[in-house]
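Following: one structure in structure tokens, then a few remarks.
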Amino acid sequence: MLNTCAELLVQNLKSKNLNFECGTDKDGDSVVEFPYQGKVAKMFFSGDQGQYLSIYLVFERVPEEKLSDVIFTCNELNARYKWITFYVDRDNDVVFHDDAILSMENASDEAFELLIRILKIGEDVKPVIMKAIYA
């Protein structure tokens with residue numbers, strides 16, 4: 001069973017006829033997965049009512065020899081964008097991440113706005129990240 005904030009977002013996504021999957025992870029947090037352009041944004045809702053939101057988008061795998069270039073690029077992007085963070089995880093994947101505390105009054109709209117924002121920023125920074133990986 002989804003917590004309140006996740007359920008509100010799911011209703012919003014259904015009303016827009018958008019494709020998504022939802023469920024609960026091993027910690028009991030609600031998870032909404034939103035596919036977009038071959039990638040999947042994962043939204044984790046935790047707390048009593050799901051008011052703590054974390055969004056993760058695994059963007060691209062980084063070859064070992066390009067790690068320092070991509071980490072430097074992530075640093076530059078972190079200085080440029082205030083809404084999300086960029087990092088390379090232990091699996092050498094570039095990850096986009098955002099955390100938020102949702103209010104019950106507008107949890108659905110706020111979660112959807114943050115999802116759209118992370119996807120839009122992903123589109124904007126794709127050329128920069130791809131250049132760091134493949135140039």
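The values are calculated or read from the model by the stated rules, or taken from the named source; none is laboratory data. What you are looking at is a predicted structure, and each value in this text was computed from that prediction instead of being measured. A quick note on method: Cβ atoms are made from the backbone with ideal geometry, for glycine too, and the neighbour counts reach across all protein chains shown. Areas reflect the complete protein model, heavy atoms only, side chains present, ligands, DNA and RNA absent. Shrake-Rupley method; radii C 1.70, N 1.55, O 1.52, S 1.80 Å.
Within the range 75-90, residues that are in contact (Cβ under 8 Å) with a residue 24 or more places away in the chain have Cβ atoms under 7 Å from residues that are open to solvent by less than 60 Å² (accessible area, probe 1.4 Å) and of a type in the set (Asp, Glu) in these pairs: 83/98; 84/98, counting only partners at least 6 apart in sequence or on another chain. Part of a helix (DSSP H, G or I) and either among the aromatic types (Phe, Trp, Tyr) or surrounded by fewer than 16 Cβ atoms within 10 Å (Cβ to Cβ) (or both): does that describe residue 86? Considered against the rule, which asks whether it is part of a helix (DSSP H, G or I) and either among the aromatic types (Phe, Trp, Tyr) or surrounded by fewer than 16 Cβ atoms within 10 Å (Cβ to Cβ) (or both), residue 86 comes out as no.
The set of residues in the range 27-43 that are part of a loop (DSSP other than H, G, I, E, B) and closer than 20 Å to residue 59 by Cβ comprises 37, 38. Residues in the range 97-109 that are surrounded by 19 or more Cβ atoms within 10 Å (Cβ to Cβ), in contact with a Phe, Trp or Tyr (Cβ under 8 Å, 6 or more places away or on another chain) and either in contact (Cβ under 8 Å) with a residue 60 or more places away in the chain or not charged (D, E, K, R) (or both): 102 only. Do we have any residue at all in the range 27-48 that's at pLDDT 95 or above, farther than 13 Å from residue 129 by Cβ and surrounded by fewer than 13 Cβ atoms within 10 Å (Cβ to Cβ)? So far as the range 27-48 goes, yes, one or more of its residues are at pLDDT 95 or above, farther than 13 Å from residue 129 by Cβ and surrounded by fewer than 13 Cβ atoms within 10 Å (Cβ to Cβ). Checked against the criterion of being within 23 Å of residue 14 (Cβ to Cβ), without any contact (Cβ under 8 Å) to a residue 60 or more places away in the chain and surrounded by 14 or more Cβ atoms within 10 Å (Cβ to Cβ), the range 53-62 contains one or more residues that satisfy it. Residue 43 passes every criterion in (1) over 11 Å from the mean Cα position of the chain (by Cα); (2) in contact (Cβ under 8 Å) with a residue 24 or more places away in the chain apart from (1). Within the range 67-83, being hydroxyl-bearing (Ser, Thr, Tyr) and not in a helix (DSSP H, G or I) holds for one residue alone: 81. Tell me, which residue of the range 1-26 that is in a loop (DSSP other than H, G, I, E, B) and of a type outside the set (S, T, N, Q) is surrounded by the fewest Cβ atoms within 10 Å (Cβ to Cβ)? Once the filter is applied, the top-ranked residue is 26. Out of 114, 77, one residue alone is within 20 Å of residue 4 (Cα to Cα), modelled with pLDDT of 95 or more and surrounded by 15 or more Cβ atoms within 10 Å (Cβ to Cβ). It is 114. Here residue 94 fulfils each of the conditions (1) more than 20 Å from residue 19 (Cα to Cα); (2) surrounded by 14 or more Cβ atoms within 10 Å (Cβ to Cβ); (3) free of Cβ contacts under 8 Å to residues at least 24 places away in the same chain; (4) under 17 Å from the mean Cα position of the chain (by Cα) apart from (3).
Scanning the range 41-70 for residues being touching a Phe, Trp or Tyr at 6+ places or on another chain (Cβ under 9 Å), hydrophobic (A, V, I, L, M, F, W, C) and farther than 12 Å from residue 95 by Cβ gives a total of 4.
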